[in-house]
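Colleague: I have a structure here, written as structure tokens, and I will follow up with some questions on it.
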Amino acid sequence: MKTIITGCLSLLFFISAKSQSNFYKISAGGGFGLTQSFTDLRKHDFGLAGYGVIDYYFSPFISAGLEGQMGEINGGDVKTDPAGRQFINSYKAINFNTKFALGAIMDYSAGSFVSKIKGLYLGAGLGLVMNSVSNVRRATPEQEKPFPGKNQSNDMVVPINLGINFYFADKSGYTRYILNFNYQSNLTLGEGLDGYDNSSIKFKTGSPDIYTYFSAGLRYQFGSIGLNNKTFF
């Protein structure tokens with residue numbers, strides 16, 4: 001009888017253990033991608049940028065972290081813009097953001113379609129973009145006053161993220177590596193992104209400056225270990 005009870009308890013423990021999994025609570029990484037400007041200038045050009053990120057995971061699918069970016073945001077063209085304007089913004093940005101992935105609310109099993117997209121996530125945050133604008137055309141021969149604006153400025157920014165993580169385990173079966181693809185839309189609370197202050201009377205539009213950032217990158221997970229209430233793979 002004792003042998004039967006011991007066997008049953010072992011089986012129950014095995015089933016319970018199989019319904020849970022461990023995960024590392026910290027990840028760090030970086031990557032590269034393309035920016036695109038959506039400012040008051042007609043031409044929305046592309047630029048290159050890189051990023052670094054560190055995240056804390058409350059669960060495998062809910063995280064909060066810091067991201068830093070550095071690169072270029074470009075737009076306008078002296079030949080095609082109605083006012084003959086253009087700019088190159090060698091920007092830096094830092095933001096705090098949170099992300100919530102599909103795996104937090106949906107059941108998945110190994111090999112299922114939901115398992116393949118369990119890393120699909122939405123996120124939002126708040127940050128600061130530091131603008132350093134060059135190649136700005138401040139005036140044309142036809143106008144009396146130069147276009148208003150600053151070459152150096154800081155703006156608050158609201159990043160909205162849509163992306164997906166693909167997870168890879170180490171030899172112990174824990175998720176250690178993450179391949180990430182992310183599309184980020186950044187709404188700036190100011191007029192410094194393109195170096196032109198279109199909130200003045202002459203160029204008033206009422207439209208905020210926006211830039212988007214599509215990136216691909218790698219993350220490495222480490223640190224303390226948490227317990228998830230279902231198996232990860």
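All of the numbers you see were taken from the coordinates with simple rules; none came from a lab. Bear in mind the structure is a predicted one, so any value in this text is a computation, not a measurement. We place every Cβ from the backbone using ideal geometry, glycine too, and count neighbours over all the protein chains shown.
Colleague: Kindly flag which residue pairs out of LYS92/LYS116; LYS171/LYS230; LYS92/LYS230; LYS118/LYS171; LYS43/LYS145; LYS25/LYS118 have an alpha-carbon separation exceeding 28 Å in this structure. It would help to have the intermediate numbers written out before the result.
Modeller: Details: LYS92/LYS116 34 Å; LYS171/LYS230 19 Å; LYS92/LYS230 39 Å; LYS118/LYS171 21 Å; LYS43/LYS145 23 Å; LYS25/LYS118 18 Å.
LYS92/LYS116; LYS92/LYS230, as the Cα separations exceed 28 Å there.
Colleague: Once label points are set 7 Å from the Cα along Cα→Cβ at both ILE160 and SER172, what is their separation, rounded to one decimal in nm?
Modeller: 4.0
Colleague: Provide the per-residue ³J(HN,Hα) series for the stretch 215-229, in order, calculated from phi with Karplus coefficients 6.51, -1.76, 1.60 and θ = phi - 60°, each as a whole number of Hz, with x at glycine and proline positions.
Modeller: Values, residue by residue: 9, 10, x, 10, 10, 10, 9, 7, x, 5, 10, x, 10, 9, 7 Hz.
Colleague: Which FRET efficiency value, to the nearest 0.05, do you get for LEU34 and ARG138 by plugging their Cβ-Cβ distance into 1/(1 + (r/R0)^6) with R0 = 35 Å?
Modeller: So, using R0 = 35 Å, E works out to roughly 0.80.
Colleague: Could you tell me the relative contact order of the stretch 29-187? Use alpha-carbon pairs under 8 Å, at least six residues apart, and round to a whole percent.
Modeller: Values: 373 pairs, mean separation 26.0, N = 159.
In percent, rounded to a whole number, it is 16.
Colleague: Give me, ordered by chain and number, the residues 5 or more places off VAL157 or on other chains with an amide H under 5 Å from its own placed amide H.
Modeller: Here the answer is GLY127, LEU128, VAL129, LEU189, since their amide H atoms fall under 5 Å of that of VAL157.
Colleague: Mean shadow of the stretch 24-228, computed from the convex hull of its alpha carbons, in nm²?
Modeller: Details: hull surface 50.3 nm².
With every direction weighted equally, the projected area is 12.6 nm².
Colleague: While we're on this one: Amide H to amide H, which residues 5 or more places from LYS230 or on other chains are under 5 Å from it, using H placed in the peptide plane?
Modeller: Sorted by chain and number, the residues that satisfy this are SER21.
Colleague: Sum up the charges of everything whose Cβ sits under 14 Å from the Cβ of GLY68, counting Lys and Arg as +1 and Asp and Glu as -1, but leave GLY68 out.
Modeller: Values: positive: LYS92; negative: ASP55, GLU67.
Cβ neighbours under 14 Å give a net charge of -1.
Colleague: Then there is this: Could you run the Karplus curve 6.51 cos²θ - 1.76 cosθ + 1.60 with θ = phi - 60° over the stretch 53-67 and give me ³J(HN,Hα) per residue in whole Hz, x for Gly and Pro?
Modeller: Result, ordered by residue: 8, 9, 10, 10, 9, 6, 8, x, 10, 10, 9, 9, x, 10, 10 Hz.
Colleague: What list of ³J(HN,Hα) values in whole Hz, one per residue of the stretch 25-37 in order, does the Karplus curve 6.51 cos²θ - 1.76 cosθ + 1.60 (θ = phi - 60°) give from phi, with Gly and Pro shown as x?
Modeller: Values, residue by residue: 8, 10, 9, 9, x, x, x, 9, x, 10, 9, 9, 8 Hz.
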